[in-house]
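Below is a structure I'd like to ask you about.
The values are calculated or read from the model by the stated rules, or taken from the named source; none is laboratory data. Values in this document were obtained by computation on a predicted structure and should not be read as measured data. A quick note on method: Cβ atoms are made from the backbone with ideal geometry, for glycine too, and the neighbour counts reach across all protein chains shown. Just so you know, the surface numbers come from the protein's heavy atoms only, side chains and all, with ligands and any DNA or RNA stripped out. Shrake-Rupley method; radii C 1.70, N 1.55, O 1.52, S 1.80 Å.
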Amino acid sequence: MTDAGLPLGANGGAELGHLSVDLPTIVGRNLRRLRIRQGHSLERLAKQSGVSRAMLGQIETGKSTPTIGLLWKVATALGVPFANLIATEDAHHPQVFRRKSAKLLSSNQGQFTSRALFPYDGERQVEFYELRLAPLHREEAEAHAPGTRENLVVSKGAVEITAGTERPVILTEGDAILFEADVAHSYRNLGTDEAVLFLVMTYVEAIG
């Protein structure tokens, strides 16, 4: 979540290329649909998101592969869950997510990774992720849309969570935390081994 704010917060340089070879087309289609649905011009969305009009235009036409951070800015400006921008087709049958074929979002040269444990199949109010933090790494996250909550549980390691101006909280294996994620927040691995967390992100309401 840095200027990525990603559920997982990745920095502005983190790319989504591992998601799909068709990612630029998918993101472009979704961005244009959501922008038009909300009645935004490219100029207006550029002002609200802090992403240039030229870049938004390149994304909509599939000519640019955006970073996680850039997409978080756009998703926040539109008031939609991050997954809405990378959603593919809806599925109505059981779906299995094999670790070996996982599509990862990463930042800071791989020191922070996020694996979606749900399908990118359309608009939703709840998202489920596996997060991995490299030893001693601190991942900064920007504020999400108003009303967004994060429910985290530590599966491995010891992690310090800081949300807004609240005092940092240290969690060890089996500990969980629920906090308002519409403020800047961070995750810091306190150990010398990789830390693993599971995140449930809840939005106020589904958009659309």
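By what distance, in whole Å, do the Cα atoms of region 132-198 stretch along each of the three principal axes, largest value first?
Computed over the Cα atoms, the extents are 33, 20, 20 Å.
Report, as a whole number in µm² per second, the diffusion coefficient that Stokes-Einstein gives for region 43-86 at 25 °C and 0.890 mPa s using the Kirkwood radius over alpha carbon pairs.
The calculation lands on 237 µm²/s.
Which of the lysines could a cross-linker span from LYS100 if the Cα-Cα distance has to be under 27 Å and same-chain partners fewer than 8 positions apart are dropped?
Within the straight-line cut-off, LYS100 pairs with LYS156.
From the protein chains alone at 1.4 Å, what is the descending order of accessible area for LYS63, LYS156, largest first?
Sorted by accessible area, descending: LYS63, LYS156.
Between ASP193 and LEU104, take the C-beta separation as r, use R0 = 22 Å, and let me know the FRET efficiency to the nearest 0.05.
0.70
For Cα pairs less than 8 Å apart in space and 6+ apart in sequence, what is the mean separation divided by the residue count of region 108-208, i.e. the relative contact order in percent?
Reported as a whole number, the value is 38 percent.
Additional query: Using DSSP to call loops (not H, G, I, E or B), can you name the GluC sites (Glu not before Pro) in region 140-208 whose Cβ has at most 12 other Cβ atoms within 10 angstrom?
Listed in order of number, the matching sites are GLU166, GLU205.
Taking all protein chains together and a probe of 1.4 Å, list LEU104, LEU152 from the most accessible to the least accessible.
Largest to smallest exposure gives the sequence LEU104, LEU152.
Got the relative contact order for region 160-208 handy, in percent, Cα pairs under 8 Å and 6 or more residues apart? Display every interim value, and only then the final one.
Numbers: 32 pairs, mean separation 18.0, N = 49.
Relative contact order of region 160-208: 37 percent.
With θ set to phi - 60° and the Karplus curve 6.51 cos²θ - 1.76 cosθ + 1.60, what are the ³J(HN,Hα) couplings of region 137-150 in order, to the nearest whole Hz, using x for Gly and Pro?
7, 10, 10, 8, 10, 6, 5, 8, 4, x, x, 5, 10, 10
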